[in-house]
1. Out of the residues in region 199-229 meeting the condition of being within 15 Å of the ligand (Cβ to nearest atom) and of a type in the set (Ser, Thr, Tyr), tell me which one is farthest from Pro16 (Cα to Cα).
2. Sort out which residues of region 91-104 are buried (at least 20 other Cβ atoms within 10 Å of the Cβ) and either in contact with a Pro (Cβ under 7 Å, 6 or more places away or on another chain) or of a type outside the set (D, E, K, R) (or both), and write them in order of number.
3. Among all residue pairs at least 6 apart or on different chains, which show Cβ distances below 7 Å where the first residue, located in region 95-106, is within 21 Å of Gly337 (Cβ to Cβ) and the second is small (Gly, Ala, Ser) and more than 12 Å from the ligand (Cβ to nearest atom)?
4. Of all the helices (runs of 4 or more DSSP H) wholly in region 268-379, which have at least 1 residues that are touching an Asp or Glu at 6+ places or on another chain (Cβ under 9 Å) and farther than 23 Å from Ala176 by Cβ?
5. So is Asp121 surrounded by fewer than 23 Cβ atoms within 10 Å (Cβ to Cβ) and under 21 Å from Leu91 (Cα atoms) or not?
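The values are calculated or read from the model by the stated rules, or taken from the named source; none is laboratory data. As the structure is a computational prediction, the values presented were derived from the model and not from experiment. No Cβ is skipped: glycine too gets one built from the backbone with ideal geometry, and neighbour counts run over all protein chains shown.
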Amino acid sequence: MSAIYLDYNATTPIAPEVLEAMLPWLREHHGNPGSAHAPGRYAARAVAEARASVAALIGADPAEIVFTGCATEADNLAVLGVAAASGGRHLVVSAIEHPAVLEPALELRRRGWGLTVLPVDSTGRVDPAAVAAALQPGTVLVSVMHANNEVGTIQPVGEIAAITRARGVTLHTDAAQSVGKLPVDVNVLGVDLLTIAGHKFYAPKGIGALYVRAGTRLAPVTYGGGQERGVRPGTENVASIVALGAAARLAMRDQATVTARLRALRDGLHARLQAVIPGLRLNGHPVERLPNTLHVSFPRVSGRVLLSTVEDRISASVGSTCHSEHDQVSGVLAAMGVEAAAAAGAVRLSVGTPTTEAEVGEAASALAATWRGLTAAVS
Ligand code: PLP
């Protein structure tokens, strides 16, 4: 029997419809979208269709979508590309950004840029007033993620956008975790740049996109043949781009029901665990949170030990996938002021569209029994 997968924030399987859409582009069609002949034109048409689907999912114009190799690349392009295109010297990021945003921001600091790292409150939220206070005459970019990958907290991006717009500062949001789980509209959010990750919503790994609002100044960080309007050159990954388009159409079709269903499954898992584990603590915002994400601290155990003990029955993470090998406290929990004991017992359980009620019930029983066994052993 295979383990119950509760790590959909780490990655999702490819949806059957998405696989069907991409397979002909691996098996039969091999044209380069840049070629003038019929196979090339056919591939270019497929890329254009996918671009239109991705744009429709987030309320953008197709010309504003730049396909990238992954969300990390889209984040790097946003941070380094705005920096390279601007005459400014200062940027602002939140303390709980994914390394794909934090690391290029730190690299800019090493190159002499000013960097303000915004704190978050105990629920993981940035205060828009802190954004306003951080802006300086030389500030060119603010990057605050839409939803956090570990605790799921959703940021007040619309309120932040009202501030950055009034001050003429470009706003980027990393929406790798929210696209496909929540309605995401670039005009409702008011952002200039937005990162999308294919493998977080049932497209394959190795495909992402950056939304670039018309008029946003963005320089390339790689140079080549001029594809993707010159900001992300390189022959297009047609099969994966087609897959991303299919995933976007699927997300649009199912959006309303998916959000409600994920929330019901996630809340069911939480209620079951709460009923049998006294002192279980919820991390992240109680309401403004990804509908599929349950980040909890189990009392008196190490989350890592708990998950390794129950590994044959449940696949989940202690926090972000990037840090799962180490016992160190996650930077996100540290920024939220979660005390060491609670941080040590933290586990991230994230459900997805394939998750069933039965899986949730079994997972809750297995986690509770394992926790009881571990705490009985130490008391
Ligand atoms: N941004 C966020 C919020 C993420 O959760 C992830 C992946 O975990 C990334 C960026 C990077 O995605 P990828 O590894 O596909 O480049």
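1. The qualifying residue farthest from Pro16 (Cα to Cα) is Tyr211.
2. Hits for region 91-104 are Leu91, Val92, Val93, Ser94, Ile96, His98, Ala100, Val101, Leu102, Pro104.
3. Ala95/Ala335; Ile96/Gly124; Ile96/Ala335
4. So the answer is 303-309, 340-344.
5. The answer is yes for Asp121.
To keep it simple, each residue is scored yes or no on (1) under 26 Å from the mean Cα position of the chain (by Cα); (2) within 16 Å of the ligand (Cβ to nearest atom).
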| residue | (1), (2) |
| --- | --- |
| Asp7 | yes, yes |
| Gly40 | no, no |
| Val54 | yes, yes |
| Phe67 | yes, yes |
| Val101 | yes, yes |
| Arg109 | yes, no |
| Gly112 | no, no |
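Each row is one residue, and each column tells you yes or no for (1) of a type in the set (A, V, I, L, M); (2) more than 16 Å from the ligand (Cβ to nearest atom).
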residue	(1), (2)
Ile160	yes, yes
Arg165	no, yes
Gly168	no, yes
Gln177	no, no
Asn187	no, yes
Asp192	no, yes
Ala197	yes, no
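Conditions tested, residue by residue: (1) buried (at least 24 other Cβ atoms within 10 Å of the Cβ); (2) at pLDDT below 95.
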residue: Val287; (1), (2): no, no
residue: Thr293; (1), (2): yes, no
residue: Arg300; (1), (2): no, no
residue: Glu325; (1), (2): no, yes
residue: Ala366; (1), (2): no, no
